[in-house]
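The values are calculated or read from the model by the stated rules, or taken from the named source; none is laboratory data. As the structure is a prediction and not an experimental result, all values here were calculated from the model. Using ideal geometry, Cβ is built from the backbone for each residue, glycine included, and neighbour counts are taken over all protein chains shown. The area values use the complete protein model at the heavy-atom level, side chains included, leaving out ligands, DNA and RNA. Shrake-Rupley method; radii C 1.70, N 1.55, O 1.52, S 1.80 Å.
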Amino acid sequence: MNYDCAVIGGGPAGLNAALMLGRARRSVALIDNNRPRNAVTHSSHGFITRDGVTPAEFRRIAYEEVLSYPTVDHRQAEVISVSKIEAGFELIDSSGFRIHTRKLILATGVKEIFPEIEGFYPLYGKSLFNCPYCDGWELRDQPLVVVSEYPTVFHTAKLLLNWSKDLVVCTNGNETLSNEQKKQLQRNGIVIMEQPIAAFVGQNGKLEHVRFSDGTTIERAGGFVTPKFISSTRFGEQLGCDKTELGGIQTDGKGKTSIPGLYIAGDASYFMPSQLVFAAADGSRIAMSVNLELAEEDFI
């Protein structure tokens, strides 16, 4: 099958890119493996008219809108190979189906790698989260724990004070805070605990205690845990894209990579997760860049 553009990834960036290209009357292959990163999330926030929407409902509405445009085809499949060819790109999915496309948008997002702490996953998406902007409101005024092995914990703690004044910062055995940062946090009433965490303890998705390796326990009602982020796919690397310092794929600010015809949209570009509204906006912006490039090539 031949297309003007293929979009790999059915998150908000990929879906909005496909929507805009469909509205531009471009033939689009939207390929999605149906494994969204936010599948554990009960509701998503910060997207006007969709605040509190469940990820499943968001995807249902989005696909209904996107696929109302007749030039957009949807394949629920796993892309296993992407290669550069003279006319653009060739994609092969797990069934052996081949797609040829002039332009390619990678909207595959990132994966989260969380610290290996007992009891984390039964609580994740219910009382433990990773984004204050997404879930801080729901945990407002509660006793919270902030777990991070990275220097960004200082910034996160400062942000969270606006949602709760009862904070405990845990570095899980890592020395990530300077002495001056510790003093600043303590001046603002934030408790710092640097010993390794043994377990999160709770029931029915509700955090109750954090237990440390030295036997210490603290009562907490919820909190935020900072993961490490890695790319969901290696397609950019396999195609030879230039990378950013954070490990994401370098673009020119309009989504275009160092590989002609290849664009990146959403989290895969800036390599940090964002709210739905950011990713969707990025998908729209990148689609406009792709459509302009196609129009320039077709103009005689």
The strands (runs of 3 or more DSSP E) lying wholly within segment 189-298 that contain at least 1 residues that are out of contact with any His (no Cβ under 8 Å at 6 or more places or on another chain) are 191-193, 197-203, 206-212, 222-225, 228-231, 262-264
Within segment 110-119, restricting to residues that are more than 19 Å from the chain's Cα centre (by Cα) and open to solvent by less than 80 Å² (accessible area, probe 1.4 Å), the one that is farthest from residue 207 (Cα to Cα) is 117
>> Among the residues that make up segment 19-40, is at least one of them in contact with a Gly (Cβ under 7 Å, 6 or more places away or on another chain), in a helix (DSSP H, G or I) and in contact (Cβ under 8 Å) with a residue 60 or more places away in the chain?
In response: no
Per the filter on segment 207-221, residues farther than 11 Å from residue 120 by Cα and either among the β-branched types (Val, Ile, Thr) or touching a Ser or Thr at 6+ places or on another chain (Cβ under 8 Å) (or both) are 209, 211, 216, 217, 218, 221
Exactly one of 281, 287 is surrounded by fewer than 20 Cβ atoms within 10 Å (Cβ to Cβ) and modelled with pLDDT of 90 or more, and that residue is 281
Discussion item. Among the residues that make up segment 64-86, is at least one of them under 30 Å from residue 132 (Cβ atoms), basic (Lys, Arg), touching a strand residue (DSSP E or B) at 6+ places or on another chain (Cβ under 8 Å) and surrounded by 13 or more Cβ atoms within 10 Å (Cβ to Cβ)?
Written reply: no
Residue 100 meets each of (1) of a type outside the set (A, V, I, L, M, F, W, C); (2) at pLDDT 95 or above; (3) part of a helix (DSSP H, G or I) with one exception, condition (3)
